[in-house]
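Colleague: One structure follows; several queries about it will come next.
The values are calculated or read from the model by the stated rules, or taken from the named source; none is laboratory data. As the structure is a prediction and not an experimental result, all values here were calculated from the model. Here Cβ is always computed from backbone atoms with ideal geometry, including for glycine, and neighbour counts include all displayed protein chains. Areas reflect the complete protein model, heavy atoms only, side chains present, ligands, DNA and RNA absent. Shrake-Rupley method; radii C 1.70, N 1.55, O 1.52, S 1.80 Å.
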Amino acid sequence: ETFTVGRPFTIVIGDTGISAPTKESVGDVRKLWEVDKTKWENVFDEVGAVAQNARDSIERGKMKELGVLMNQNHTLLQELTVSSPELDKLVEVARNAGARGAKMSGGGRGGNMIALVEPNQAEVVAESLKAAGAKNTIITQVS
């Protein structure tokens, strides 16, 4: 679904350089779910609520709110075991470098993370990510 962005915002994408098949992450989450369906259904519901609230924040141009939601989402994805030490490190580095929020992206256990930044902080965050081991970074504006 497409939707309207309330105001443009800047993100920095950091690539761990690690290839991780989504199929494996999904399979492992399924195994967790099979052991304790009630627990994991609650986590799935939380992830869904955070995603919906993030969409609402984007549509209303509420970037401070979006950053908080990105951080919450990353914590939930860690709980689901789909993050990785490399992703967690880049997320933490981005936050410490001034990002409003940061989270892993995609299927996890490798691949990319995204950080919400003020435009004047984008280069600092990108350089911090590279210094922390990101293989590549991209700065882009979403509008």
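Colleague: Which residue pairs have Cβ atoms closer than 8 Å, lie 6 or more positions apart in sequence or on different chains, and pair a first residue in the stretch 43-59 that is more than 17 Å from Phe3 (Cα to Cα) with a second residue that is open to solvent by less than 60 Å² (accessible area, probe 1.4 Å)?
Modeller: Pairs found: Val43/Leu76; Val43/Leu80; Glu46/Leu76; Val47/Asn73; Val47/Leu76; Val47/Leu77; Val47/Leu80.
Colleague: Please go through the stretch 29-46 and give me each residue that is open to solvent by less than 60 Å² (accessible area, probe 1.4 Å) and either touching a strand residue (DSSP E or B) at 6+ places or on another chain (Cβ under 7 Å) or over 17 Å from Met104 (Cα atoms) (or both), ordered by number.
Modeller: Leu32, Trp33, Trp40
Colleague: State the number of residues belonging to the stretch 15-38 that are without any contact (Cβ under 8 Å) to a residue 12 or more places away in the chain and not in a helix (DSSP H, G or I).
Modeller: 1
Colleague: Still on this structure: Restricting to the stretch 107-123, name every residue that is farther than 25 Å from Gly6 by Cβ and either open to solvent by 20 Å² or more (accessible area, probe 1.4 Å) or touching a Lys or Arg at 6+ places or on another chain (Cβ under 6 Å) (or both).
Modeller: The answer is Gly107, Arg109, Gly111.
Colleague: Next question. So, in the stretch 47-106, how many residues would count as being open to solvent by 70 Å² or more (accessible area, probe 1.4 Å) and within 19 Å of Lys130 (Cβ to Cβ)?
Modeller: Going through the stretch 47-106 one residue at a time, the tally reaches 6.
Colleague: Does the stretch 124-143 hold any residues that are surrounded by fewer than 21 Cβ atoms within 10 Å (Cβ to Cβ) and either in contact (Cβ under 8 Å) with a residue 60 or more places away in the chain or not hydrophobic (A, V, I, L, M, F, W, C) (or both), and which are they?
Modeller: Residues satisfying the conditions are Glu127, Lys130, Gly133, Lys135, Asn136, Ile138, Ile139, Thr140, Gln141, Val142, Ser143.
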